[in-house]
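Okay, structure first, notes after.
What follows draws every value from the coordinates through simple rules; no lab data is involved. Remember, predicted model here, so these are calculated numbers, not experimental data. Virtual Cβ from ideal backbone geometry, glycine too; neighbours counted across all protein chains shown.
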Amino acid sequence: MAEVAKSQPVKVREYNRFKITPIAGALGAEIHGIDVNNLDDETFDDIHSAWLQYQVLAIRDQDVTPDQQKEFGRRFGDLQPHAFNAPIDGHPEITEIFKDKHETANNGGRWHTDQHYRTEPAKMTMLFAHEMPPHGGDTCFANTYLGYESLSDGMKEMLGGLKGVNNGDSKKHPSGLTRMQRQNAGISTMEQKDPGDEVTISEHPIIRTHPETGRKALYVGSHTERIAGWTDAESEPLLTYLKTHNGQLHHTCRLQWEVGTITMWDNRCCLHLALNDYHGYRRRVHKLLIKGDKPF
Ligand SMILES: [Fe+2]
């Protein structure tokens with residue numbers, strides 16, 4: 001029988017500057033009635049608060065240029081260029097995730113949290129939808145507060161002192177290939193760049209504390225390849241369990257995109273996964289990362 005989460009997100013605040021509708025019980029909400037290019041400070045504060053509360057916000061009916069997307073992103077913090085994915089022309093902070101009609105390769109198809117492998121991983125990812133298939137291409141999210149809270153006291157205690165080793169270019173990828181090897185083999189269509197001096201393997205606590213809400217989350221995703229100080233063989237069973245536990249359906253929501261949707265999620269307390277069920281159609285989004293703190 002499926003394990004039932006012991007608590008739900010705390011719904012602590014009402015909003016009257018926009019219409020907000022939860023999209024699932026676990027996390028996620030959509031917002032109508034604002035223009036991110038024209039936000040007064042009070043409305044921005046409410047959006048920020050709603051983002052912390054719901055973890056994933058989909059703001060419908062937006063129209064932003066790359067400059068405007070970056071301007072909105074900077075209201076949340078410093079922008080963080082992607083370590084591996086090549087940017088679009090003229091905007092080092094923006095990458096384009098694009099799948100063409102004839103392509104079948106997916107990007108981000110396993111439960112993960114973005115830039116998990118950096119010393120200061122992205123706190124927010126903000127995507128803007130330029131093109132969407134008529135159906136399919138949804139993004140799923142999993143609430144990792146619930147992942148933590150639904151563990152037993154014994155498991156919480158054991159995990160409390162452990163760190164995960166998170167690798168941005170792990171050979172443990174299902175293909176067994178590095179990012180550049182996947183690109184050269186035509187398995188990935190995301191153009192890769194050399195990360196240069198960027199740190200792309202980092203150890204972070206498996207139980208992390210959200211610096212703004214104070215809540216604890218289970219910080220394990222597909223970039224987590226080992227437990228620090230443990231062998232691969234020792235790590236694998238526990239990590240497989242924790243990753244599966246985090247991604248249980250009752251911890252999740254599923255976002256249906258529309259052209260013009262801006263979706264922004266909190267990488268500190270959720271995982272995400274891109275579905276690949278729309279072969280024959282184009283899908284194109286612009287991705288922006290906002291830098292976070294060193295996890296503790
Ligand atoms: Fe991602």
Self-check item: Gain in span if fully extended, THR65 to TYR241, counting 0.36 nm per residue against the direct Cα distance
Solution: 59.2 nm
Quiz item: Could you state the per residue volume, in Å³, of the convex hull enclosing the Cα atoms of the range 1-133?
Solution: 172 Å³
Self-check item: Extension gain from ARG284 to THR231, taking 0.36 nm per residue of separation minus the Cα-Cα distance
Solution: 15.1 nm
Quiz prompt | Total formal charge among the other residues, if their Cβ is under 11 angstrom from that of GLY164, Lys/Arg +1 and Asp/Glu -1 | solution = +2
Quiz item: For the charge dipole of the chain, defined by +1 on Lys and Arg C-beta atoms and -1 on Asp and Glu C-beta atoms about the Cα centroid, which residue among HIS32, THR95, ILE207 has the Cα displaced farthest towards the positive pole?
Solution: ILE207
Quiz item: Rounded to the nearest 5, what is the percent of antiparallel bridges among the DSSP beta bridges in the range 8-134?
Solution: 60 percent
Quiz item: Restricting attention to the alpha-carbon atoms of the range 148-296, what are Rg (one decimal) and Dmax (integer), both in Å?
Solution: 17.0, 48
Quiz item: To the nearest 20 debye, what is the magnitude of the charge dipole of the range 19-291 about its Cα centre, counting +1 on the Cβ of each Lys and Arg and -1 on the Cβ of each Asp and Glu?
Solution: 780 debye
Quiz item: Which net charge results for the neighbourhood of PRO87, defined as the other residues with beta-carbon distances under 11 angstrom from its beta-carbon, given Lys and Arg at +1 and Asp and Glu at -1?
Solution: -2
Self-check item: For the chain, radius of gyration divided by Kirkwood radius, i.e. Rg to Rh on alpha-carbons
Solution: 0.94
Quiz item: Regarding the range 75-172, what whole-number volume in Å³ per residue does the convex hull of its Cα atoms give?
Solution: 179 Å³
Quiz item: For the chain, modelled as a Gaussian network with Cα springs under 10 Å, which listed residue fluctuates most, LEU271, LEU218, LEU151?
Solution: LEU151
Self-check item: Length added when fully stretched, GLU157-THR104, from 0.36 nm per residue minus Cα-Cα
Solution: 14.8 nm
Exercise. Provide ARG110, ARG13, ARG182, ARG118 in ascending order of the number of other Cβ atoms located within 10 Å of each residue's Cβ, fewest first.
Key: ARG13, ARG110, ARG182, ARG118
Quiz item: Which net charge results when you count Lys and Arg as +1 and Asp and Glu as -1 among the other residues whose beta-carbon is under 13 Å from that of ALA122?
Solution: -1
Quiz item: Once the Cβ-Cβ distance between ASP45 and ASN276 is put in as r, and R0 is 35 Å, what FRET efficiency do you end up with, to the nearest 0.05?
Solution: 0.45
Quiz item: What residues have an amide H closer than 5 Å to that of ASN267, excluding those fewer than 5 places away on the same chain, when H is modeled at 1.01 Å from N in the peptide plane?
Solution: MET124, THR125
Quiz prompt | the range 26-83, relative contact order [Cα under 8 Å, separation at least 6], % | solution = 45 percent
